[in-house]
Amino acid sequence: MNRTRLGFVALIATMACGCASMGVEPWERDILAKDEMQLTTDPIEAGTDDHIYFSKEASSGGRGFGGGGCGCN
Amino acid sequence: MKKRNTQSVSTALAAATCTLLGSGAPVPVQAQEDPAWNFNTALLYYGEDNSRVNDYSFSILANRLFVDDRVLSMGLTLDTLTGATPNGAIRQDVPQTFTRPSGNAVYTVPAGELPLDDTFHDTRAALTVGWEQPLGRLWKGGVGFSGSKEFDYLHLGINGNIARDFNKRNTTLSAGVSLSRDTWDPVGGAPIPFAPMLDVGATGNKLGTENKDILDIVLGVTQVVSRRMIVQLNYSFSDNSGYLTDPYKFLSLVDGATGDTLTRTPAPGAAGPSHEFRFENRPQARTKHSLYGQTKYYMNGKVLDASYRYMTDDWEIDSHTVDVRLRWPLGESSYLEPHFRFYTQTAADFYRISLVDGVELPAYASSDYRLGEFDATTAGLKFGWKTGSGNEMSVRVETYQQNGTIPPQLLIGNQIGRETYPDLDALIVQFSYRFSR
Amino acid sequence: MAGGGATREVRIEAGRGCLIGQFSAMASPCEILVETSDVDEARQLSELAAAEAWRVEDKFSRYAKDNIIARINSAAGDSIDVDAETASLLDFGNTLYELSDGRFDITSGVLREVWTFDGGDRLPSKEAVKSVLLRVGWHRVDWQSPTLRMEVGMEIDFGGIGKEYTVDRVARQLREASTSSALVNFGGDLAVTRPPTQRHGWHVGIETVSAQGPPAEKVIELRAGALATSGDARRFLLRGGIRYSHILDPRSGWPVKRAPHSITVAADTCTQAGMLSTLAMLEGASAELFLRAEGVRHWCRR
Amino acid sequence: MKHRKSGNHFPGLFPMLVAYLLVTTLANLPQSVFAADFDPDDLAGKVVVLDFWASWCVPCRRSFPWLNTMHDRYADDGLVIVGVNLDLDRAEAERFLSEFPASFRIEYDEPKALAKRFEVIAMPSSYLIGRDGKILEQHLGFKERKQAEYEAAIVSALGQTGSDDE
């Protein structure tokens, strides 16, 4: 199990330091500033989806915390 | 000014102005500063086929915006759940009778049908409160509290997160931690692991309440790739410990050769189960790792939102999730958003269809189909539009289908051919309305 | 009501995304922002607005020698019959007098004979104030519409009502004359004729005290209705560390104590917004209490 | 008994990484080239506030009312406020200005030469330049609660003590 855990953390590390050169100038963020370009555009829909899938499947979260908090059976 | 009831001056003044100007104002005043409040409300219907679970829920998320991007967010969700869920027993060629969790009544399931517990009725209220603010120019932090109460379940949690921007805000590293304590107070009490289901009135097989603690840690990196594309990668670790069993689920105790559930007769004069059932038992700990990648890509007006999640845990469940949405603008003020999601998972190592009589009990066992092996697909469409005064409404309709397979080696004797994975076909309809004050 | 005198002409300027008609009336710069690119329409509406503003100014200015106000204030005790518009303003003044328990009084103009608010520190003597007070008080006036009779030396001044009343009348005429949305702005008292279509709302900057710190310039987005501001940071007296606002309580003849520097109110019409902000100022220290009790959208600057 | 599904599900992260690398190559677009028609050095002798802004940037929108007030209050004392627009689409800037009119001077830095010369790393960024042309202060972002500090810096740059208001 800790083999996969190491794999994940290594991957994040490469992503993080490999990114120094990538990106845009501060004045080129017009598109990224649009509402529809935010990573979570509809927090309530994301919440209800997380809740439905938490109660119907064995995995949860990923985008944010694990969700749950219910005795959904 | 003499103490008067409220609004007496302005109402008298409105009348006087009306006579002075010869007419009232055509449209009442609409003046607002930068909106201080953003509201996001939603009504959701989730319904499964053949009278299984139905859920109506109302949610509201209110964000109070303070100067310099400091935000107080408060969320409330109210759910009413009704319908029936599989109770864990296998089908039989004869009717089967079960004792209700309360222990003071029985219910009977016709021959050949998947046994469902139809007493499933619950209302749930969930509350979240959070505060988020910049910490200096490059740091941002937030803390939050969450709580939810059902008839038999209480959740209390706290969480915190912090993020830092690098290289002109193109790269953001974030970390979040959440701690929660949940308490099960099941109807009739939490059953003793592998205890038999007893007659009405007998309570030797039930204990009291149980609780579980959940620690979630999420580490993430968000990277701007280009003017049109942003990518996020999260690693999350989740450690659950304590009572992870479902108190209302149990397994059929079957004959090793025929695979049929052993029959029993209730004590004279009492009502009780017609067959032998043993309450399930799951491990007291579960450690989950997941890797989540999401990208948003802008194609002159259209926005692609694609994400992939890989999860693995020490219950030997591996899952892959792919989620793709494409927001398609229709003119200036409305959009269409088709949504497709594919999910697949392997079974937990202690997932089984039934317990075999006369064989030593396993350490853990559950026949909860959600721990089984299945694929699920969600396909839907969302239509959103901006109303005149700048608020936004949207409606989405989605179908969610689960198709599972029971590994042949888990089936014994007559179970083969009779026991099939309980496929699920559900409809999700949600209406949401966002406005600011 | 301040007098005319400034040259009476209407200029049309190109605003950004709108055309702006500019003229001056009632001693303040007036603007008509019209959501149109058609210069003729903007000119026609601006001239309509200017004509109405100058009409009301000429009719009710206390500087003019030959209007109804001059005839009333020189009646020396005789009764005078007034026209319908003047009668409606007198009725309105009467209602305000009752609503404010005498704090708002259209006969209090004469107090300016003893008070000049120039930031200096010369306060009038008690006796001087007392003697002028003998000629102040709506309760002394015999008003049976359309006939008005006042004691010798008393004067009527529609200064507290005139500008907001004019903004509302202009807004109504522009609403009837055109489907384009327009913002009527007479020196900070403003009204929207109809909700705009090319923008979410007209943006108006006002000086406020934000809850979290120093006075901030706040941007109000006005889709419909009106805003009026009363109080003025520069017209006060300062003596012995005490700041005397130019808002006088007609019952005592002395400035209202601890009145805010300025109050901006949003309401359905400019007249209501103006009156509510004035009544709040007259409340002095409890201005905000009054506005909150009345459930009025307001921004106070202390 | 351990049961594992045969390997027909995704072999881990491969598809995600390929998409990721493919797209980054398309990311760099050609820049349009116009000579910048404004140079702050022409304003020597004046106290200058150079404010880089864009229409889509929310904190920039919040700074406009304050910049207007500063212009109205100190323009006669020798303060020149120049709002340098960095929008990539000029029409967006003009639509913004029709909603949030600016009483101070607006310039357009099409080739972003000025932005690069001042090494703008945040939006908005404002630079307080003394009469001698030296940069006295740089403010990254706009904090509404710091307006008094920003104003104090301008006043001291103008060489005045205390504003004539209260």
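Taking the average, over residues, of other Cβ atoms within 10 Å as the packing measure, peptides B:260-270, B:192-202, C:245-255 rank C:245-255, B:192-202, B:260-270 from highest down.
Which one of B:416, B:406, B:217 has the biggest mean-square fluctuation once chain B is modelled by GNM with Cα springs under 10 Å? Its mean-square fluctuation being the largest, the pick is B:416.
With Rh defined as the Kirkwood radius, the inverse of the mean 1/r over Cα pairs, the Rg/Rh of the protein assembly as shown is 1.09. Each part reduced to its alpha carbon centroid, the stretch D:140-158 and the stretch B:210-225 end up 39 Å apart. Using bins of 20 Å that start at zero, the share of Cα-Cα pairs per bin across chain C amounts to 32, 58, 11, in whole %. Each part reduced to its alpha carbon centroid, the stretch C:137-153 and the stretch B:42-64 end up 68 Å apart.
Got the relative contact order for chain B handy, in percent, Cα pairs under 8 Å and 6 or more residues apart? Intermediate results must be reported in sequence, preceding the final value.
On the way: 1122 pairs, mean separation 56.7, N = 437.
Dividing the mean separation by the residue count of chain B yields 13 percent.
Each residue in C:275, B:311, B:393 was given a count of other beta-carbon atoms within 10 angstrom of its own, and listing them fewest first yields B:393, B:311, C:275.
Considering all projection directions equally, how large on average is the shadow of the alpha-carbon convex hull of the stretch C:246-302, in square nanometres? Walk me through the intermediate numbers first.
Values: hull surface 14.9 nm².
Mean projected area of the Cα convex hull: 3.7 nm².
For the stretch D:45-158, the Cα-based Rg and Dmax, in that order, read 13.1, 37 Å. Remark: for residue pairs A:56/B:212; B:140/D:112; B:206/B:249; A:56/B:206; C:59/C:126; B:296/B:386, the C-alpha separation exceeds 24 Å in B:140/D:112; A:56/B:206; C:59/C:126.
Provide the net charge surrounding residue C:53, with neighbours chosen by a C-beta distance below 15 Å and charges set as Lys +1, Arg +1, Asp -1, Glu -1. Intermediate results must be reported in sequence, preceding the final value.
Values: positive: C:8, C:11, C:55, C:59, C:163, C:169, C:172; negative: C:9, C:31, C:47, C:52, C:57, C:58, C:85, C:164, C:168, C:189.
For residues surrounding residue C:53, the net value is -3.
The GNM of chain C, with springs linking C-alpha atoms under 10 angstrom apart, assigns the highest mean-square fluctuation among C:260, C:29, C:195 to C:29.
For the protein assembly as shown, with the dipole built from +1 on Lys and Arg beta-carbon atoms and -1 on Asp and Glu ones, taken about the Cα centre, which of B:219, C:279, B:321 lies farthest toward the positive end? With unit charges placed on the Cβ atoms, the residue in question is C:279.
Fewest first, what order do B:302, D:134 take by the number of other Cβ atoms within 10 Å? Kindly include the intermediate steps, with their values, before the conclusion.
Numbers: B:302 15, D:134 8.
Exposure proxy ranking, most exposed first: D:134, B:302.
To the nearest ten degrees, helix B:8-21 and the longest principal axis of the Cα atoms of chain B are 50 degrees apart. With contacts taken as Cα pairs under 8 Å at a separation of at least 6 residues, the stretch D:45-158 carries a relative contact order of 37 percent.
With neighbours defined as other Cβ atoms within 10 Å of a residue's Cβ, the residues B:433, B:248 order from fewest to most as B:433, B:248. Over the residues of chain B, compute the C-alpha Rg and express it relative to 2.2 N^0.38 Å. That ratio works out to 1.23.
Computed from the coordinates by the stated procedures, all read-outs in this text should not be read as laboratory data. Fair warning: this is a prediction, and the values are worked out from it, not measured in the lab. Ideal geometry is used to build each Cβ from the backbone, glycine not excepted, and the neighbour counts take in all protein chains shown.
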